[in-house]
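Worksheet: one structure, shown below.
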Amino acid sequence: MSKKPSSLSGITNNKGHTYNPSLKNLIKDVENNQQESEGSLVRMNFETPEDLRNAFKSKVAKQGKKVKDVLSAFMREYIKNEY
């Protein structure tokens with residue numbers, strides 16, 4: 001098993017590709033996909049450090065976005081880059 005990375009930035013997959021998302025591209029992805037239909041919605045629950053959650057929610061709110069939209073954009077980007 002591989003060691004858990006401390007953040008998304010710098011994750012390297014088994015093909016040697018490093019995940020370095022551009023915040024501008026992720027925000028653009030959120031804006032482009034907010035109205036996109038993706039079929040049935042499912043709930044995802046996971047644990048994360050409270051300070052990380054709070055900082056993330058704060059930044060998302062300041063940008064006028066929704067947490068679910070930004071996380072969906074991260075997930076799309078992650079899949080697109082074959083991670």
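Values in this text are rule-based calculations from the coordinates and carry no lab data. Remember, predicted model here, so these are calculated numbers, not experimental data. Using ideal geometry, Cβ is built from the backbone for each residue, glycine included, and neighbour counts are taken over all protein chains shown.
Simple spin-label estimate for residue 43 and residue 57 gives 1.6 nm between the two label positions (7 Å along the Cα-to-Cβ direction from each Cα). Listed peptides 55-61, 71-77 appear in the order 71-77, 55-61 once ranked by packing, highest mean of other Cβ atoms within 10 Å at the front. Taking label points 7 Å from Cα along the Cα-to-Cβ direction, residue 79 and residue 66 give a separation of 1.8 nm.
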